[in-house]
Every structure is written in C-alpha cells, then in structure tokens.
Amino acid sequence: MQYNKNTLYITGISRSNSVDPITIMYNSFFIGIIIEEETNKIVDITSNTISNATTEFIKSILVGYNLVKDLDSMIQEIQHRFLGTAQKALIVALKDAHNKYIIELKRKGR
C-alpha cells in the first residue's frame, strides 16, 4: 500500500501475557499506526500478531478512528470485540502510541 506524504507512522509497544504466542515468539506486542497528519485519522495498522487474520481484525477495529480524540471509544471497542489473550497488550500498545503522538503534537505546537 502506498501512503500519502501527509501520513505519519507511530508505534506502540507493550508486554503480552506470558502464555500468549506473541510473547513466546517476539517477547513483546507491537502496533504500528499510520495517521493522516491533518485529521489524526488512523488509515492503516500493522502489528506483530501471529496470524494475518488477527492483524486484519485489529485493523478493522481501529482504522477510521481519530487517534487524538477517540482513545476511549477505541478501547471500548477492543474490549467488546477483541477477546484474544493479547487484549490488554493491544490496549497498552495503543495507549503508548497515543501518548507518543500527543507528545509529538505538543512538540510541534499543535
């Protein structure tokens, strides 16, 4: 997929449950979020899940949300729809990416 020049890439990292295959394979959970800079809208997601279906499902939950304004709504949707062992790790990684992005916006004076 080709991304416009008005997009940014931000990452979030967390630890997953010790019995989760993600932890066994990668030692941590990672989410990469591509955002339209002007709107803060999430346009794509990547993560280090074990199956592509899991990554695609996470993408179906998060794409379209505003990373700045919609954190609580995203967390609620994850809690409702994503019942995998990495649910808490996904939420922590999302919060990590959100916090990094907010810090970057403040640094840019936005």
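If you go through segment 52-71 one residue at a time, how many are open to solvent by 40 Å² or more (accessible area, probe 1.4 Å), closer than 20 Å to residue 104 by Cα and of a type in the set (A, V, I, L, M, F, W, C)?
Number of matching residues: 1.
Cβ-Cβ below 8 Å, separation at least six or inter-chain, first residue in segment 36-54 and touching a residue at least 40 places away in the same chain (Cβ under 8 Å) and among the aliphatic types (A, V, I, L, M), second open to solvent by 40 Å² or more (accessible area, probe 1.4 Å) and assigned to a strand (DSSP E or B): which pairs?
Correct list of pairs: 43/36.
Six or more apart or on different chains, Cβ under 8 Å: which pairs go from a residue in segment 71-85 that's hydroxyl-bearing (Ser, Thr, Tyr) to one that's in a loop (DSSP other than H, G, I, E, B) and at pLDDT 95 or above? Could you list them?
73/65
For the condition modelled with pLDDT under 95 and buried (at least 16 other Cβ atoms within 10 Å of the Cβ), what is the one hit in 89, 97?
After applying the criteria, what remains is 89.
Out of the residues in segment 19-36 meeting the condition of being more than 16 Å from the chain's Cα centre (by Cα) and open to solvent by 30 Å² or more (accessible area, probe 1.4 Å), tell me which one is modelled with the highest pLDDT.
Step one: list which residues in segment 19-36 are more than 16 Å from the chain's Cα centre (by Cα), which gives 19-21, 23-27.
Then drop every residue that is not open to solvent by 30 Å² or more (accessible area, probe 1.4 Å), which leaves 19, 21, 24-27.
Values: 19: 58, 21: 52, 24: 51, 25: 53, 26: 52, 27: 69.
Checking each candidate, the answer is 27.
Identify, please: which residue in segment 1-18 is at pLDDT 90 or above and touching a Leu at 6+ places or on another chain (Cβ under 9 Å) and is, among those, nearest to residue 77 (Cα to Cα)?
That would be 12.
The values are calculated or read from the model by the stated rules, or taken from the named source; none is laboratory data. Being a predicted model, the structure only gives us computed values, none of them experimental. Note: ideal-geometry Cβ built from the backbone for every residue, glycine included; neighbour counts use all protein chains shown. Calculation scope for accessible area: heavy atoms of the full protein, side chains included, ligands and nucleic acids excluded. Shrake-Rupley method; radii C 1.70, N 1.55, O 1.52, S 1.80 Å.
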